[in-house]
Every structure is written in C-alpha cells, then in structure tokens.
Amino acid sequence: MSDLRTPQAGDDRAPDTDVVSLLMRQHGDIRNLFDEVEATKGDERRDAFRRLVRLLAVHETAEEEVVHPFARRGLPGGRQVVEDRLAEEKAAKESLAALDGLDTDDPTFMPRLLKLRADVQAHARAEERYEFAHIRRSTDITELASMAKAVKAAEAMAPTRPRPGVESAAANMALGPVAALMDRTKDAVRKAMGKDG
Ligand SMILES: [Fe+2]
Ligand SMILES: [Fe+2]
C-alpha cells in the first residue's frame, strides 16, 4: 500500500484562479483520500484519515464562507439551494466529528466511513449541479479569482499528502480538533477576503 499516491492539490498545474475549478479539484482530492483510507490499515489509515478530516473541514468551511453567501445572493432560487447544501454540510460535519473520535481500526469505523462518503459525494454532486455551474455562468473572472484566493488561503491548512520529513501524526495532532480547525479556517478566509475586522 505504500505506493499509494494521492494526487495533491495543484498536481494538474491548472492555475487556481477560478473558484469553481478549485473547488471541483478539491472534490476530487476528497474522493482520493476516501479511497486511500479504504485501501490502507493501521498507521497509514490513521494518517490518511487525518488528512481527509482536515481537507473536508477546510473545504466545507471555505464553501460556507465564500461560495454559499455569493450563491444565496446571486443565483435564481439561490436561497433554497444554499439552505439545502448547508443542511447537508451540517450533517456531514456531525458525522465527521463523531468519526474523528473513533479509532480507525474500530470495527464500526469502516461502515460509518462509507456512509459518510456516500453523503459527502451526493452533496458534492448537488453543489456542482445546482451551484457551481450557475456561478461560473454568471460571474466574471475577477470575482471568480478573488473567491479562489480566499479558498486557497483555507486550503493551505490541509495538505493532502504527508509532509516529507515531518512526523505527520504529530503535526496533525498539533492542529487540534475539527472545530478548532474550522475556526482557524474561517479566520484565514476572512483575512484573505479583507473581512478580518
Ligand atoms: Fe459543501
Ligand atoms: Fe464542496
């Protein structure tokens, strides 16, 4: 399993100046990390799961701060579309927090992970269909780029691969629980958007 290689943010070398491409790439990174957790065991699984938790927490928080408010204001029927996505995100974050307290070798871990995966993927498809496609059509490149910058600031907090030369479990631990990571992500996003008061 050690040759498993999770494609990392930016591997496709596409410039991250379009928030929709960036978020769709993160949806791909999230899928790959679910694959990696499923395909590994023991410490490798624990490490892959930490990276998944972080990317999911950071991704959903960035969407809630940057993209959903924009969609709510700007898209026809945006209010309902965003309400539906927020309800899905809330449920996913709750299952994520519950899973995060569980050992990855616990017999109940994998069935719960697979349920979370199905929910997260249905949520991502709904975003792509009802939100992202409309944002791209109705938004100019300057706005797409400024939203991308804020999402990139969040992404810096969630490397998809273990950092070389760093004991990644310890490094991940230092970042603390999911709720604290979400708070720090919000701060980073608001700062990037010039809204840090
Ligand atoms: Fe989302
Ligand atoms: Fe998403």
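No lab work stands behind these numbers, since they all come straight from the coordinates. Quantities reported herein were computed from a predicted structural model and do not represent experimental measurements. Every residue, glycine among them, receives a Cβ derived from its backbone with ideal geometry; neighbour counts consider all protein chains shown.
Sorted from greatest to least, the principal axis extents spanned by the alpha carbons of region 19-192 come out as 47, 32, 23 Å. Cross-link reach is defined here as a Cα-Cα straight distance under 13 Å, omitting same-chain residues fewer than 8 places apart; for Lys90 the aspartates and glutamates meeting it are Glu60, Glu63, Glu64, Asp119. Residues of region 59-94 with amide nitrogen under 19 Å from the 7 Å Cα-to-Cβ point of Ala118? The answer is 88-94.
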